[in-house]
Amino acid sequence: MSWWIAPPLYMALVGVAGIVVWYVIPQRLSNTRLIVQIAFFLTMSVLLLDGAVVPYELTRSSETTARAILFGVAKALWWLHLAWALIGFVRIFLVFEGKPREARLLQDLVVGVVYVGMLLSVLAFVFGVPVGTLIATSGVFAIILGLALQTTLSDVFSGVALNLGRPFVLGDWIVLSDGTEGRVVETSWRSTQVLTWTNNVVALPNSFLAKLGLTNMSRPDESHGIAFSIRIAPTKMPAIVVDVMHTALLSCNSILKEPAPLVVIRDLNAVAIEIDLVVHVENLGRRIAARNEVFDLVYRHAKSTGLLLAAPPSSIAVSNLPTEETARPPSVTPIDLIRAIPIFSALTDDEQEALAATTSVRTYRKGDIIARPGEMLPSLMIVRAGIIARQLGEDDDRMQDIGRLAPGDFFGETGLLAGIGETSTLRALTHVVVYEIDQTSFAPLLLARPEMAEDLAAVLATGLSTSGESGAPEQRHTRSRSALIRAIRTVFRDIPLGRLLDTGT
């Protein structure tokens, strides 16, 4: 091989090898790709300089045909490797930014510009095509093409503007002025795809999206505010109503404690005290659960404190409006609470009334510790009024709330039924009134209905597995229903009549 053929041949071989390596290395190894590509690009640059070849100049006309072809191939491959090196730098930059998917449209645009520049350079410096003249003469064609692709180009440039302005990124929850809302899952040249809460994907053209008002519900964070309207009959002073609403929100487990919930009196008249409740949830996915819990707790606390819900404005007869003197607050008796507890729903009316007759009342002051971890409560406690917090932690001043109990909730069932100690601290957050049912009162029910052990075991197993407190070693054996049934029978064996449970199924 002649010495004057070798340099361009080596350059061409190195360029082809670089192409092969480019396709062999997986795309996910972008760092390795970039390093290897830069190595091939620098090697070709050194060979071009060693052969006195300038890639941005035309091959001299004095060169032989074979040598000119080899130099043309070498220069074309050099421009290709330069384009790949630039693209590698762009992608690495986006990886370092930490959001490569969000910038995919911008990345594609940069890659397209690089490839167009590379193609024009090859045409100009390898084939000697007058690129300037070519661009000028293609102006008319560009105008015709632009008119034909007007809608598509509008979507493309709107997509570029949205990516540069960054009103949202992938994963953000957005609400549009036309009512569309959902999480952004994909952006492309033509459209942005939004996954709605009904699990449908809506494809919105970028030009259409750019014209709409947009609210980003994920900025500055995922927390979201919700407002509720409550109408209370004017049978109590507004200050009392506000205090009850604050207590109801304090007992809610689905809302954030910071920022603090707000209770605002919106209107006051002879018909109703209209209250706005403003709360925040951790994310939009918690909206429905928070709404349901807030309404449930407002009802329970209103009933436990003697407040009446006001009728809708359209159905009010002014002559029959309740007043502080004529209002008859709903009663909250032990039988009412017992009927609301699922484990007692299978009892007959007589059995429920007999159980209610055995209840006693116990009260706690704000801040009192009702039970500590490991302490067994031998009675079932049903909350009549107030709020009780379940807390974890060793220091009383640094306890963390893991749940709250409101009127109608109950605790102590693990000690009463299975002889298991509490796994969290129970603290009264407000003045608390509870109805207490002890083991002696409960034993006749299990005597009459031995199958209740199955139902009670199922309730306890579900509660222990979902409370987040059942991971302690002493609690793990209670995960199975059969173990709970044995525990219930063991607890009641020492109580008169309870020994007969051993004959149950």
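Can you work out the accessible area per residue across segment 185-305, with the rest of the protein chains kept in place, probe 1.4 Å, in square angstrom? Don't skip to the answer; put the middle values down first.
Values: 6060 Å² over 121 residues.
Computed with neighbouring chains in place, this is 50 Å² per residue.
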Task: Per-residue HN-Hα couplings for segment 355-364 [Karplus 6.51, -1.76, 1.60; θ = phi - 60°; Hz; x = Gly/Pro] - done: 5, 5, 5, 8, 6, 10, 9, 9, 10, 9
Task: Theoretical FRET efficiency, 1/(1+(r/R0)^6), r = Cβ-Cβ of Ala357 and Val242, R0 25 Å, to 0.05 - done: 0.10
Open item on the list: Restricting things to Cα coordinates, could you compute the convex hull volume per residue of segment 377-434 in Å³?
Closed with: 74 Å³
Task: Local net charge near Val432, Cβ-Cβ under 9 Å (Lys/Arg +1, Asp/Glu -1) - done: +3
Open item on the list: How much length would be gained if the chain were fully extended between Arg28 and Ala270, taking 0.36 nm per residue of separation minus their Cα-Cα distance, in nm to one decimal?
Closed with: 80.2 nm
TODO: Would you work out what percent of the accessible area of segment 392-434, with all protein chains in place, is carbon or sulfur (probe 1.4 Å)?
DONE: 41 percent
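The values are calculated or read from the model by the stated rules, or taken from the named source; none is laboratory data. Values in this document were obtained by computation on a predicted structure and should not be read as measured data. With ideal geometry, Cβ positions are generated from the backbone for all residues, glycine too; neighbour counts draw on all protein chains shown. Side chains included, ligands, DNA and RNA excluded: accessible areas come from the protein's heavy atoms. Shrake-Rupley method; radii C 1.70, N 1.55, O 1.52, S 1.80 Å.
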